[in-house]
Amino acid sequence: MHAKTDSEVTSLAPSSPTRSPRRPVYYVQSPSRDSHDGEKTTTSFHSTPVISPMGRFSGSLKPGSRKISPNDAPSRGAHRKGNKQWKECDVIEEEGLLEDEEREQGLPRRCYVLAFVLGFFLLFSLFSLILWGASRPQKPKITMKSIRFEQFKIQAGSDFTGVATDMITMNSTVKMIYRNTGTFFGVHVTSTPLDLSYAQITIASGTMKKFHQSRKSQRSLTVIVMGNKVPLYGSGASLSSSTGTTSLPVSLKLCFVVRSRAYVLGKLVKPKFYKKIECDVTFDPKKLNVPISLKKACTYD
């Protein structure tokens with residue numbers, strides 16, 4: 001074998017075919033043994049081209065090295081095909097990892113959301129139930145105070161059909177105290193008409209104005225109960241007199257219902273309280289314009 005000199009090796013480098021910058025190579029020096037005309041064997045270095053993974057060119061030609069011919073390097077098509085296969089494998093592997101991650105994490109996340117929603121509704125329902133149960137014993141208290149008759153007059157007349165009968169005209173004032181015992185809620189209060197009846201005939205009526213009562217507070221209420229020329233038909237025979245009023249005590253009944261509604265948690269928790277009140281009242285002609293106590297004359301249901 002005829003060993004090439006350094007000048008020959010150097011001259012080969014520029015004349016070698018131009019390589020594409022997309023596939024640069026670098027040289028790794030490896031030892032080889034050459035003999036020349038029986039002379040003593042000398043050690044020289046030959047360069048072997050290696051394709052860098054990062055596509056960078058490294059190495060340099062040194063004396064005694066040789067450059068691999070283009071035929072020794074992998075073909076451009078094979079290299080490009082290999083890169084394409086690696087890219088496809090990377091994409092498939094990445095998609096597989098994403099799908100595995102979604103399968104592992106998707107179900108727990110949905111479960112967490114569902115558990116949170118259910119837990120919230122359960123806790124809210126429990127809290128509302130506790131508030132409702134706590135508000136039930138805190139019922140409003142109503143105390144009837146008195147009734148005073150300012151006018152009680154009976155006279156002859158006729159109804160709207162022209163039937164002759166005794167007619168009654170009266171005017172009275174009812175007083176009471178309303179107390180809200182609720183410690184954490186106010187109440188809206190309304191009432192049915194206060195009806196004053198004689199022998200199952202309503203001879204007078206009054207209306208309580210609706211109001212709001214704050215927690216742990218009370219107020220005094222005054223309601224005007226009156227009737228004008230109410231026909232008594234046969235029931236007024238025992239009440240008529242020449243003086244235009246009765247001379248005997250008259251038994252009457254006062255009846256009404258008080259409705260209270262509390263808004264404990266907005267409109268979601270709104271307990272209602274009903275109180276039916278009936279009072280037995282005796283009108284005494286001698287006590288006109290005198291308040292008559294109702295403390296022991298009423299029932300509360």
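The values are calculated or read from the model by the stated rules, or taken from the named source; none is laboratory data. In this text, all values refer to a predicted model and were calculated from it rather than measured experimentally. Cβ placement follows ideal geometry from the backbone for every residue including glycine, while neighbour counts extend to all protein chains displayed. The area values use the complete protein model at the heavy-atom level, side chains included, leaving out ligands, DNA and RNA. Shrake-Rupley method; radii C 1.70, N 1.55, O 1.52, S 1.80 Å.
Applying the selection to the range 190-239, what residues are at positive phi and either touching a Cys at 6+ places or on another chain (Cβ under 6 Å) or among the polar types (S, T, N, Q) (or both)?
Once the filter is applied, which keeps residues that are at positive phi and either touching a Cys at 6+ places or on another chain (Cβ under 6 Å) or among the polar types (S, T, N, Q) (or both), the range 190-239 yields only 200.
Identify the single condition in (1) in contact with an Asp or Glu (Cβ under 9 Å, 6 or more places away or on another chain); (2) buried (at least 19 other Cβ atoms within 10 Å of the Cβ); (3) modelled with pLDDT of 90 or more that residue 194 does not satisfy, given that it satisfies every other one.
The failed condition is (1).
Would you check if there is a residue in the range 184-196 being out of contact with any Pro (no Cβ under 8 Å at 6 or more places or on another chain), assigned to a helix (DSSP H, G or I) and under 19 Å from residue 263 (Cα atoms)?
There is no residue in the range 184-196 that is out of contact with any Pro (no Cβ under 8 Å at 6 or more places or on another chain), assigned to a helix (DSSP H, G or I) and under 19 Å from residue 263 (Cα atoms).
Applying the selection to the range 243-301, what residues are aromatic (Phe, Trp, Tyr) and modelled with pLDDT under 90?
Passing the criteria: only 263.
Read through the list (1) open to solvent by 10 Å² or more (accessible area, probe 1.4 Å); (2) over 21 Å from residue 194 (Cβ atoms), then give the number of the only condition that residue 235 fails.
Against the list (1) open to solvent by 10 Å² or more (accessible area, probe 1.4 Å); (2) over 21 Å from residue 194 (Cβ atoms), residue 235 comes up short only on (2).
Looking at residue 187 and the list (1) open to solvent by less than 30 Å² (accessible area, probe 1.4 Å); (2) out of contact with any Cys (no Cβ under 8 Å at 6 or more places or on another chain); (3) closer than 16 Å to residue 148 by Cα, which single condition is not satisfied?
Condition (3) is where residue 187 drops out.
Of the residues that make up the range 159-181, is at least one open to solvent by 70 Å² or more (accessible area, probe 1.4 Å) and either closer than 19 Å to residue 256 by Cβ or under 37 Å from the mean Cα position of the chain (by Cα) (or both)?
Within the range 159-181 (the criterion being open to solvent by 70 Å² or more (accessible area, probe 1.4 Å) and either closer than 19 Å to residue 256 by Cβ or under 37 Å from the mean Cα position of the chain (by Cα) (or both)), the answer is yes, since at least one residue qualifies.
Quick check on my filter: what residues within the range 117-139 are part of a helix (DSSP H, G or I), within 16 Å of residue 261 (Cβ to Cβ) and open to solvent by 40 Å² or more (accessible area, probe 1.4 Å)?
132
Name the residues in the range 279-300 that are over 20 Å from residue 248 (Cα atoms), part of a strand (DSSP E or B) and open to solvent by 30 Å² or more (accessible area, probe 1.4 Å), would you?
Answer for the range 279-300, where residues must be over 20 Å from residue 248 (Cα atoms), part of a strand (DSSP E or B) and open to solvent by 30 Å² or more (accessible area, probe 1.4 Å): 299, 300.
Can you name every one of the strands (runs of 3 or more DSSP E) wholly within the range 198-242 that holds 3 or more residues which are under 16 Å from residue 173 (Cβ atoms)?
Result: 201-206, 217-231.
Within the range 211-223, which residues are closer than 17 Å to residue 143 by Cα and open to solvent by 30 Å² or more (accessible area, probe 1.4 Å)?
Answer for the range 211-223, where residues must be closer than 17 Å to residue 143 by Cα and open to solvent by 30 Å² or more (accessible area, probe 1.4 Å): 216, 218, 219, 220, 222.
If I ask for residues that are in contact (Cβ under 8 Å) with a residue 12 or more places away in the chain, surrounded by 12 or more Cβ atoms within 10 Å (Cβ to Cβ) and not hydrophobic (A, V, I, L, M, F, W, C), which ones from the range 263-273 would you list?
Answer for the range 263-273, where residues must be in contact (Cβ under 8 Å) with a residue 12 or more places away in the chain, surrounded by 12 or more Cβ atoms within 10 Å (Cβ to Cβ) and not hydrophobic (A, V, I, L, M, F, W, C): 263, 271.
Scan the range 252-262 and give yes if some residue there is of a type outside the set (D, E, K, R), open to solvent by 60 Å² or more (accessible area, probe 1.4 Å) and either out of contact with any helix residue (DSSP H, G or I) (no Cβ under 9 Å at 6 or more places or on another chain) or under 30 Å from residue 166 (Cα atoms) (or both), otherwise no.
no
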